Amino acid sequence: MNARTSDREPIDCEEALERLAAYLDQELDRTGRDEMERHLERCRSCFSRAEFERRLKERIQRGLVLDEVPREFEERIRTLLGRRASES
């Protein structure tokens, strides 16, 4: 990527969601990180999604194991997965 960050078009929600895992795993280069952060600063929907996935990832990494998953959490995951499947 030779273009300066300020010369690039802002990324849209679709591109932000495609990059989200790489962003959370800190696998993006400086330009990609900057683009994601600018998008998340202005897009509440993507910011909320990123925060949810970041928190979920933290819990998984800590090895948090729940004997019983709260119903609300399970329903939220099913809803998000359903939306994701319908977007594909």
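The values are calculated or read from the model by the stated rules, or taken from the named source; none is laboratory data. Computed from a predicted structure; not experimentally measured. Cβ coordinates were reconstructed from backbone atoms using ideal geometry, including for glycine residues, and neighbour counts include every protein chain displayed.
In the set Glu27, Glu74, which member is surrounded by 11 or more Cβ atoms within 10 Å (Cβ to Cβ) and not in a helix (DSSP H, G or I)?
Details: Glu74 fails: not in a helix (DSSP H, G or I).
None of the others qualify; the one that does is Glu27.
Of everything in segment 12-40, what is more than 24 Å from Ile77 (Cα to Cα) and of a type in the set (Asp, Glu)? Give them in sequence order.
At the first step, the residues of segment 12-40 found to be more than 24 Å from Ile77 (Cα to Cα) are 27-35, 37-38.
Correct list: Glu27, Asp29, Asp34, Glu35, Glu37.
Filter segment 1-24 down to residues that are modelled with pLDDT under 60 and within 22 Å of Arg44 (Cα to Cα) and give me whichever is surrounded by the most Cβ atoms within 10 Å (Cβ to Cβ).
At the first step, the residues of segment 1-24 found to be modelled with pLDDT under 60 are 1-6.
Next cut, within 22 Å of Arg44 (Cα to Cα) only: 5-6.
On the way: Thr5: 13, Ser6: 6.
Residue satisfying both the conditions and the ranking: Thr5.
Does Arg44 meet the test of being loosely packed, with under 10 Cβ neighbours inside 10 Å and at pLDDT 95 or above? Before you say what the answer is, go through the steps one by one.
Values: loosely packed, with under 10 Cβ neighbours inside 10 Å: yes; at pLDDT 95 or above: yes.
Yes; evaluated as a whole, the condition is true for this residue.
Residue-by-condition table, conditions (1) among the β-branched types (Val, Ile, Thr); (2) touching a helix residue (DSSP H, G or I) at 6+ places or on another chain (Cβ under 6 Å); (3) in contact (Cβ under 8 Å) with a residue 12 or more places away in the chain:
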position: Thr31; (1), (2), (3): yes, yes, yes
position: Glu37; (1), (2), (3): no, no, no
position: Ser48; (1), (2), (3): no, no, no
position: Arg54; (1), (2), (3): no, yes, yes
position: Gly63; (1), (2), (3): no, no, no
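Considering only segment 19-68, how many residues are within 22 Å of Arg83 (Cβ to Cβ) and either in contact with a Ser or Thr (Cβ under 7 Å, 6 or more places away or on another chain) or of a type in the set (A, V, I, L, M) (or both)?
Looking only at that region, the number is 9.
Is it the case that some residue within segment 47-67 is at pLDDT 90 or above, surrounded by 14 or more Cβ atoms within 10 Å (Cβ to Cβ), hydrophobic (A, V, I, L, M, F, W, C) and in a loop (DSSP other than H, G, I, E, B)?
Looking for residues that are at pLDDT 90 or above, surrounded by 14 or more Cβ atoms within 10 Å (Cβ to Cβ), hydrophobic (A, V, I, L, M, F, W, C) and in a loop (DSSP other than H, G, I, E, B), one finds none in segment 47-67, hence no.
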